[in-house]
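See below for the structure under consideration.
The values are calculated or read from the model by the stated rules, or taken from the named source; none is laboratory data. The shown structure was predicted, so the numbers you read here are calculated from the model rather than taken from an experiment. Backbone-built Cβ (ideal geometry, glycine too); neighbour counts: all protein chains shown.
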Amino acid sequence: MSDLIPFRGLRYPASDLSACTAPPYDVIDDDERRVLEERDPHNAVRLILPRDDDGCDRYEAAARLLRDWCARGVLRRDSQPALYGYRILFHDDTSPRVTSGVIGGLPVAAPGEAVLPHERTLARARNDRLALLRATRANLDPIWVLSLASGLTELVDAGETPVATARDGDALHELWPITDAARIATIRGAITGASMVLADGHHRYETAAAYARDRDDPAAALIMALVVELTGTQLCVRAIHRLLSGEPARSLRERLSSRFTLTELGPNVPELAATVEARMDDAGALGIVDRDGIGLLHPRLEAIAPLLRDEPDAVHGVDAACFDAAIRPLIGDAVIDYRNDAATVAALVEKGAADAAVLLRPVSVDQIRSAALAGVRMPEKSTFFAPKPRTGMVFRTLDESGDDRSGGPAAN
């Protein structure tokens, strides 16, 4: 059974946290990491992507930094346990959108027992996050969980004035504590009675479950999570494309020809790259970007269906599954990298930073729901939920975290 536990958050005392917050660790490249480090000496990227320092490894460096920031008042603990309302105001194309959710301590268990996973994970990332959790004993960024609780959005977002905000490009992130015992009980009751799907943070969730498994430590049995209602009005899901390096690009099209029909769109220019995702959606096709230009890859069903025979029905229409079954075996030892923006991918191929790219269509909310309820995991890097919650709006420490399973001090 799922639940969401109030905790005493650790927060920056300022109200505008734009300079101190960061995206989740796994979407930050080296260039952005340097930009964030230079933006503010207390930017959260120094905790989630630490560097080796003064003879200690990067994980212990993060732990030292967290202790130092707490000792110097850079971060301060809230006086009472709370759930934290979270709101993101952004634009999807030209339309204004709002995503509203609530942050709390989510009990961890083996994946599928309380929260339904929808993607497979990678061992390297699990090991990295486990080392950071062991050193810091802190949840530094929230995982993202989708709840089937109907009406959860209205319960958590009553138009409160935020105590902290952060700008991320065109997106505005807002956070406020919820301490009223009756309201907390209502939110928890809705969450407890509904299934949950893990949207973002599979590696951190599995890491937290592994960390808690052999410990008699109630604080370690929880992970900080942002819970959002699983509905299309609350979610913006984008594709994650595959960049290929070390791949003889000119032979890629030839090798794919037995499984895909190619439609040439033209040279790799920004104007075409900006429209290719819409063309893929209209044509029901994947995309390809290489030195010869941009094209559409139409799956030959008679060739690909047998390759997906052993995959669950719920993932047959997922492009990441098609890539793994029909394309990955044909690319040899090519190194695969991941990006969520087709125009950026095309630019990287054009300047030689990658040899080629395969573009995928986004997974739908219905596909996510169907796969999770069927107990099926999509391939890793199938979904990109946007905008991402900002790291640094609130932290949760396992030591003296003040987690309150009763619903807050007002309930006493």
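Looking across the stretch 47-66, just one residue is within 16 Å of TYR25 (Cα to Cα) and exposed (fewer than 14 other Cβ atoms within 10 Å of the Cβ), and that is ARG51. Checking each residue in the stretch 144-170 for being in contact with a His (Cβ under 8 Å, 6 or more places away or on another chain) and not charged (D, E, K, R) picks out THR165, ALA166. Checking LEU262, LEU198, LEU226, LEU175 one by one, the residue that is hydrophobic (A, V, I, L, M, F, W, C) and either part of a loop (DSSP other than H, G, I, E, B) or more than 27 Å from ALA138 (Cα to Cα) (or both) is LEU262 and no other. Restricting attention to the stretch 366-403 and to residues that are among the hydrophobic types (A, V, I, L, M, F, W, C) and in a loop (DSSP other than H, G, I, E, B), the residue that is nearest to the chain's Cα centre (by Cα) turns out to be ALA386.
Restricting the search to the stretch 347-368, which residues are small (Gly, Ala, Ser) and surrounded by 21 or more Cβ atoms within 10 Å (Cβ to Cβ)?
Once the filter is applied, which keeps residues that are small (Gly, Ala, Ser) and surrounded by 21 or more Cβ atoms within 10 Å (Cβ to Cβ), the stretch 347-368 yields ALA354, ALA356, ALA357.
Pairs are defined by a Cβ separation below 8 Å, a sequence spacing of at least 6 or placement on different chains, a first member in the stretch 1-25 that is at negative phi and without any contact (Cβ under 8 Å) to a residue 60 or more places away in the chain, and a second member that is buried (at least 19 other Cβ atoms within 10 Å of the Cβ) and of a type outside the set (A, V, I, L, M); the pairs so defined are ALA19/ASN43. Of all residues in the stretch 52-96, those satisfying the criterion of being part of a strand (DSSP E or B), over 30 Å from GLN234 (Cβ atoms) and modelled with pLDDT under 95 are ASP53, CYS56.
Beta carbons closer than 8 Å, at least 6 apart along the sequence or on distinct chains, pair a first residue in the stretch 234-245 that is in the same structural domain as GLY352 (by TED's automatic domain parsing) and farther than 16 Å from MET280 by Cβ with a second that is among the charged types (D, E, K, R) and in a loop (DSSP other than H, G, I, E, B) for LEU244/ASP355; SER245/ASP355.
A quick yes/no check of all residues on (1) within 21 Å of GLY232 (Cα to Cα); (2) modelled with pLDDT under 90; (3) assigned to a loop (DSSP other than H, G, I, E, B):
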{"residue": "ASP282", "(1), (2), (3)": "yes, no, no"}
{"residue": "GLY287", "(1), (2), (3)": "no, no, no"}
{"residue": "GLU311", "(1), (2), (3)": "no, yes, yes"}
{"residue": "ALA325", "(1), (2), (3)": "no, no, no"}
{"residue": "ALA347", "(1), (2), (3)": "no, no, no"}
{"residue": "ALA353", "(1), (2), (3)": "no, no, yes"}
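Hey, among ASP319, ASP337, which residue is touching a residue at least 24 places away in the same chain (Cβ under 8 Å), under 25 Å from the mean Cα position of the chain (by Cα) and buried (at least 22 other Cβ atoms within 10 Å of the Cβ)? Write out each step before concluding.
Working: ASP337 fails: buried (at least 22 other Cβ atoms within 10 Å of the Cβ).
So the residue among ASP319, ASP337 that is touching a residue at least 24 places away in the same chain (Cβ under 8 Å), under 25 Å from the mean Cα position of the chain (by Cα) and buried (at least 22 other Cβ atoms within 10 Å of the Cβ) is ASP319.
Whenever a residue of the stretch 38-53 is more than 10 Å from TRP69 (Cβ to Cβ), its partners that are surrounded by fewer than 21 Cβ atoms within 10 Å (Cβ to Cβ) and of a type in the set (Asp, Glu), lying with C-beta atoms within less than 8 angstrom and at least six residues away or across chains, give the pairs ASN43/GLU37; VAL45/GLU37. Within the stretch 72-93, if we keep just the residues that are in contact with a His (Cβ under 9 Å, 6 or more places away or on another chain) and over 18 Å from ASP168 (Cβ atoms), the residue that is surrounded by the most Cβ atoms within 10 Å (Cβ to Cβ) turns out to be LEU75. Between THR231, THR186, the distinction of being surrounded by fewer than 19 Cβ atoms within 10 Å (Cβ to Cβ), part of a loop (DSSP other than H, G, I, E, B) and in contact (Cβ under 8 Å) with a residue 12 or more places away in the chain belongs to THR231 only.
Do you know which of the residues in the stretch 356-365 that are aliphatic (A, V, I, L, M) and in a loop (DSSP other than H, G, I, E, B) is modelled with the highest pLDDT? Out of the qualifying residues, it is LEU360. Suppose the filter is assigned to a helix (DSSP H, G or I) and farther than 27 Å from ASP26 by Cβ; does LEU307 pass it? Yes: the conditions hold for LEU307.
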